[in-house]
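J.: I have a structure I would like to understand better, so I am pasting it below and will then ask my questions one at a time.
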Amino acid sequence: MARFLTPATKMGLSISIATGLYGISFGALSIAAGLDLWQTAALSALMFTGGSQFAFIGVISGGGAASAAFSAATLLGVRNAVYGMQIKQALRPLGKQVPWMAQVTIDESTAVSLGQAKISEKRRGFVTAGAGVYVLWNLFTLAGALLGEQMGDPAAWGLDGAAVAAFIGLLWPRLKSMQPVLIAVAAAVLTALAVPISAPGLPILITAVCAAIYALCTVRKAPAATEHGGLHSVGEEQT
Amino acid sequence: MSELSWWVLGACLAAYAIKLCGYFVPRKVLDSPIMTRVASTLTIALLASLVTVNAFTSGQELVLDARIGALAAAMIALFFKAPYLVVVLAGALAAILLRATGLAA
């Protein structure tokens, strides 16, 4: 047990509990949005990526079409492909491990893994956070879905406040310098402007497309802005 | 099965396919500075957009209610480096208190 509790596994376990409990909020809000128990359970077991799951039920509860919910959830999940790339690079997984590792490649497992220094700790962090969040998120989704039917309006329990806090909690650690803060503020303003004039779910997509275009444009204009040390590998690619 | 159930399954399948995609990208491409930049910008923008939608909207309307108190409480907790779970609880508590005291809808 003492050997199991390394810094990476401790961090993985605490984030598992924090995120897992939040599954109550998802389960309750999903039922309130009009999904049934099976649809709610399927989203947590199969989709298993919190942001996309909330986007899906958010569009449905806002009266949006199922196709709009699909688009919003899918677009929000795109960042998981980026996480997959980072995990592949950092953990060097075997081919047969990829199918299950891909399923637990989410914000939390990636963050815990990339926060470690040694590759063994990176692996432990990824597995602990990935498996831990998966088990607890699904258990608490069921609890929230079952309790939610009796709880009535999730707002009465402050769950809508919890959702706001959960997202700002994920965003906050990324706001370490002026540029990300400006990007976040611009995205928030753009979203607010898009809300009254577009169908529910679309403001997030519009913001995402604008952000991607902005990122591409500024890369071309200012290649020196690549402070992540990627220039070396670009040189390798060209040779 | 209802139409919504098919969309749920489709979205689940798409989510897994996207996750898998990342693992099939050749390692050479992974280090591209353009990829790094687009990924980090997109993630920040998406999260900020989600905060806005969850805090200030109801359907297609912009609204100010107890959730702005939840956002403020969460940001105060984050400023004082509170653990994630405490941040989420602070948001829920603020919303409950503001509604219970009748200060916000």
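J.: Answer yes if at least one residue in segment A:165-173 is more than 16 Å from the chain's Cα centre (by Cα) and either assigned to a helix (DSSP H, G or I) or in the same structural domain as A:Phe48 (by TED's automatic domain parsing) (or both), and no otherwise. Don't jump to the end; show me each part of the working.
T.: Within segment A:165-173, the subset more than 16 Å from the chain's Cα centre (by Cα) is none.
So far as segment A:165-173 goes, no, none of its residues is more than 16 Å from the chain's Cα centre (by Cα) and either assigned to a helix (DSSP H, G or I) or in the same structural domain as A:Phe48 (by TED's automatic domain parsing) (or both).
J.: Please list, ordered by first then second residue, the pairs with beta carbon atoms under 9 Å, 6 or more apart or interchain, first in segment A:50-61 and in contact (Cβ under 8 Å) with a residue 12 or more places away in the chain, second charged (D, E, K, R) and surrounded by 24 or more Cβ atoms within 10 Å (Cβ to Cβ).
T.: Listed pairs, sorted by first residue: A:Gly50/A:Glu108; A:Gly51/A:Arg79.
J.: I'd like the full set of residues that are modelled with pLDDT of 85 or more and either in a loop (DSSP other than H, G, I, E, B) or closer than 20 Å to A:Ser16 by Cβ (or both), limited to segment B:91-105.
T.: The initial filter retains those residues of segment B:91-105 that are modelled with pLDDT of 85 or more, namely B:91-103.
B:Gly91, B:Ala92, B:Thr101, B:Gly102, B:Leu103, listed by residue number.
J.: Taking the criterion of being more than 9 Å from every other protein chain (Cβ to nearest Cβ), more than 30 Å from B:Thr101 (Cβ to Cβ) and among the β-branched types (Val, Ile, Thr), would at least one residue in segment A:70-93 satisfy it?
T.: Within segment A:70-93, none of the residues are more than 9 Å from every other protein chain (Cβ to nearest Cβ), more than 30 Å from B:Thr101 (Cβ to Cβ) and among the β-branched types (Val, Ile, Thr).
J.: Can you tell me which residues in segment B:51-73 are of a type outside the set (Gly, Ala, Ser), in a helix (DSSP H, G or I) and within 7 Å of chain A (Cβ to nearest Cβ)?
T.: B:Val51, B:Thr52, B:Val53, B:Asn54, B:Phe56, B:Arg67, B:Leu71
J.: Additional query: Residues of segment A:172-187 being of a type outside the set (Val, Ile, Thr) and farther than 15 Å from A:Ile204 by Cα, which ones? Don't jump to the end; show me each part of the working.
T.: Taking segment A:172-187 first, the residues of a type outside the set (Val, Ile, Thr) are A:172-180, A:182, A:184, A:186-187.
The answer is A:Trp172, A:Pro173, A:Arg174, A:Leu175, A:Lys176, A:Ser177, A:Met178, A:Gln179, A:Pro180, A:Leu182.
J.: Does segment A:1-40 hold any residues that are in contact (Cβ under 8 Å) with a residue 12 or more places away in the chain and of a type in the set (Ser, Thr, Tyr), and which are they?
T.: Across segment A:1-40, the qualifying residues are A:Thr6, A:Thr9, A:Ser16, A:Thr19, A:Tyr22, A:Ser25, A:Ser30, A:Thr40.
J.: Among the hydrophobic types (A, V, I, L, M, F, W, C) and touching a Phe, Trp or Tyr at 6+ places or on another chain (Cβ under 9 Å), is that true of A:Ala55? Quick ask: steps written out before the conclusion?
T.: Details: among the hydrophobic types (A, V, I, L, M, F, W, C): yes; touching a Phe, Trp or Tyr at 6+ places or on another chain (Cβ under 9 Å): no.
Spelling it out, it is not the case that A:Ala55 is among the hydrophobic types (A, V, I, L, M, F, W, C) and touching a Phe, Trp or Tyr at 6+ places or on another chain (Cβ under 9 Å).
The values are calculated or read from the model by the stated rules, or taken from the named source; none is laboratory data. As the structure is a computational prediction, the values presented were derived from the model and not from experiment. We place every Cβ from the backbone using ideal geometry, glycine too, and count neighbours over all the protein chains shown.
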